[in-house]
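The values are calculated or read from the model by the stated rules, or taken from the named source; none is laboratory data. On a predicted model such as this, the values are computed, not experimentally measured, just so you know. No Cβ is skipped: glycine too gets one built from the backbone with ideal geometry, and neighbour counts run over all protein chains shown. Keep in mind that these areas ignore ligands, DNA and RNA; they rest on the heavy atoms of the full protein, side chains included. Shrake-Rupley method; radii C 1.70, N 1.55, O 1.52, S 1.80 Å.
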Amino acid sequence: EDKVFALIGYVATGNLIASMPLAEKAGVPMFAPLVGTTSFRTTHNRYLFHVRASYEAELRKIVGHLATLGITNVAVIYQNSAFGKSNLDTCLQIAQGLQVKVVESVPLEIAATDAKPQVATLAKARPGAVVMIMAGKMVEVFLRDYRAAGSAAPLYTISVGITDAPGSAQRLNGGIEGLVTASIVPSPQSSRMPIVADYRRDRAEAGEKIDSYTALEGYIVARVMVEGLVRGGRSLTRDSFIAGMESIGRTSFGGFPVEYSARNHNGSSFVDLEMYTRSGSLRR
């Protein structure tokens, strides 16, 4: 009814699973979902374009970093959902390839208010590190109980784990400190990268007060999409937009690398690791 040209920024694996058949049937591009689940990357879909790196890339960065440190026994706590289960499988495959042993993997319900049994199971396994494949309030529940138990193994999370770092830090009385996260965009404070300098300039000119990793990701998404729209030509259609995106090839936007072609809609592979401070800020 509204003649929507494209759908942008959908959140959560389950939502994308539900919405993609509708988008495909209508011939509507699904652009830059905040989802990195591997299954959406391995099967090519003409209407689906990613910008952020995959969870596979994030998990490979995390597990590879642990292997480099000589930590070869890890545990995984994962969200009991399609998102958690599929990315647990990805993590297990990566760990096997890097000769890292997953000594325990435990699920946690999305609506959980108590993670003490999971924490006890992880403590019994004595891993060298714990990888978290979760998002939302359940992350705080787990962190609260993990810190309270005095567990010492370092914690690693994928990028969607913490959504409100200052709020989490306050609610956990600083218990977010030391948590290492995968980041799929550079720090929004790191103006040495041109895309961040552009973001900060345009943000200031627009009078935008919100400044976060998610805001920077949205800015990068907009830059990439505009390039596709421009390449789509003056008589823009959904098909010409898709062709425009596929013509981008391998390039960078202010130093942020992406790649698109007729058979590759996966966008970026940028992943960095950063650590939360007691106040919820991030440090490399």
Query raised in the report: For region 190-217, which residues satisfy the criterion of being touching a strand residue (DSSP E or B) at 6+ places or on another chain (Cβ under 9 Å) and not β-branched (Val, Ile, Thr)?
Result: Met193, Pro194, Asp198, Tyr213, Glu217
Requested in this report: Mind listing whichever residues of region 235-267 are in contact with a Phe, Trp or Tyr (Cβ under 7 Å, 6 or more places away or on another chain) and part of a loop (DSSP other than H, G, I, E, B)?
Outcome: Ile248
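Yes or no, residue by residue, for (1) in a helix (DSSP H, G or I); (2) without any contact (Cβ under 8 Å) to a residue 12 or more places away in the chain; (3) in contact with a His (Cβ under 8 Å, 6 or more places away or on another chain):
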site	(1), (2), (3)
Ala123	yes, no, no
Pro127	no, no, no
Met132	no, no, no
Glu140	yes, no, no
Gly150	no, yes, no
Val160	no, no, no
Asn173	no, yes, no
Thr181	no, no, no
Pro186	no, no, no
Report summary line: Flagged in region 20-49 as buried (at least 16 other Cβ atoms within 10 Å of the Cβ), touching a Phe, Trp or Tyr at 6+ places or on another chain (Cβ under 8 Å), modelled with pLDDT under 95 and not hydrophobic (A, V, I, L, M, F, W, C), in numbering order, are Pro33, Gly36, Thr37, Thr38
Query raised in the report: Taking interchain pairs and intrachain pairs at least six residues apart, which have beta carbon atoms under 6 angstrom, with the first residue in region 212-238 and open to solvent by 60 Å² or more (accessible area, probe 1.4 Å) and the second at pLDDT 95 or above and part of a helix (DSSP H, G or I)?
Result: Arg231/Gly244
Query raised in the report: Restricting attention to region 16-27, does a residue exist that is touching a residue at least 60 places away in the same chain (Cβ under 8 Å), in contact with a strand residue (DSSP E or B) (Cβ under 6 Å, 6 or more places away or on another chain) and not polar (S, T, N, Q)?
Result: no
Query raised in the report: When you look at Leu59, is it open to solvent by 50 Å² or more (accessible area, probe 1.4 Å) and either over 17 Å from Val258 (Cα atoms) or touching a residue at least 24 places away in the same chain (Cβ under 8 Å) (or both), yes or no?
Result: no
